[in-house]
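Colleague: Got a structure for you, questions after.
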């Protein structure tokens, strides 16, 4: 979603920049004007932004014509869900991310509106029956619907094995509080304020992202501390196992499960983004008035038996699939705040 938001920011910026001459930056005391910035933006990103803007317009027109535009309530619900999953409802972290990406609520909600409209178009011909959904649930229950085995642990990250050994000795001999030492000594900014706590993380995620930590945690009992530092990259880690939760099998009749199954079914069976773009682009009347881009864009919309021509379809295939309406990569989620887990 971040790449799409960045492009949405560029699209939103262009009208505001036209004709402006105020200063946007200074380099060694010399001004970069908005006019210079706009011209540079046109040279480097103009073609891509215009192509995207045209396709976006075509997509939204089709969604409106088929009465598939998302409602304000749907956009607000998706935005709230994204904030919860991406930032754990931490408004400060959200604002920090927005500032770093030069975006705001309006741009993000506009992007959500577009992606929801696209998703409705991609799935509009799917009419799954109850039998279809039950079959899908049974076939993919382990992969999509069971809550995976999870683990909570604390860690202290230090620069050397010597420091790690000293901390282990202190924890063993003095009964020092692991969380307190993590707050004071850990190099891991993401968890040190939480006493080194990472809570309720899927075992498989740890196995894939941090195999040495996964292997070390598997050897521990709850509340045990590693007696040998775990080397991860150039750092050394001291671990404490806090809690292990087994797989929780999903129940099709449980509250919210049917809705999730239906959404997953739609995601799995939707036409591709490229197919949809080819469909809405076929026969479109696109006239480009700027001579710089006319020759590059107009031929892409001259028709053809399969919709968009091979050149544009090839470009589109290089783009990542849109973030599905309910899927947020767990790797990007910040560690949750502690809720009384072991010290």
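Colleague: Extent of the range 150-245 along each principal axis, from alpha carbon coordinates, in Å, largest to smallest?
Modeller: Extents along the principal axes, in whole Å: 32, 26, 24.
Colleague: Using a 7 Å offset from the Cα along the Cα-to-Cβ direction at both residue 223 and residue 141, what is the distance between the two label points in nm, to one decimal?
Modeller: Computed distance between label sites residue 223 and residue 141 equals 3.5 nm.
Colleague: Something else: For 27, 286, 158, 106, what ranking results if the residue with the fewest other Cβ atoms within 10 Å of its Cβ goes first? Numbers along the way, then the final one.
Modeller: Details: 27 7, 286 15, 158 21, 106 10.
Ordered by Cβ neighbours within 10 Å, fewest first: 27, 106, 286, 158.
Colleague: Using 0.36 nm per residue of separation minus the Cα-Cα distance, give me the extension gain between residue 67 and residue 287 in nm, one decimal. If you can, show how the numbers build up before the last one.
Modeller: Numbers: separation 220, 0.36 × 220 = 79.20 nm, distance 2.58 nm.
Taking residue 67 through residue 287 to full extension adds about 76.6 nm, to one decimal.
Colleague: Using a 10 Å cut-off around each Cβ, can you sort 205, 118 from fewest to most neighbouring Cβ atoms? Write down the numbers at each step before the final one.
Modeller: Values: 205 17, 118 24.
The order, fewest Cβ neighbours first, is 205, 118.
Colleague: Let me ask something additional. For the residues 289, 94, 241, what sequence is obtained by ranking on other C-beta atoms within 10 Å, fewest first?
Modeller: Working: 289 6, 94 17, 241 21.
Fewest-to-most ranking of 289, 94, 241: 289, 94, 241.
Here, each number is a calculation from the coordinates, and none is a lab measurement. For clarity, every value in this text was computed on a predicted model and none was experimentally measured. Ideal geometry is used to build each Cβ from the backbone, glycine not excepted, and the neighbour counts take in all protein chains shown.
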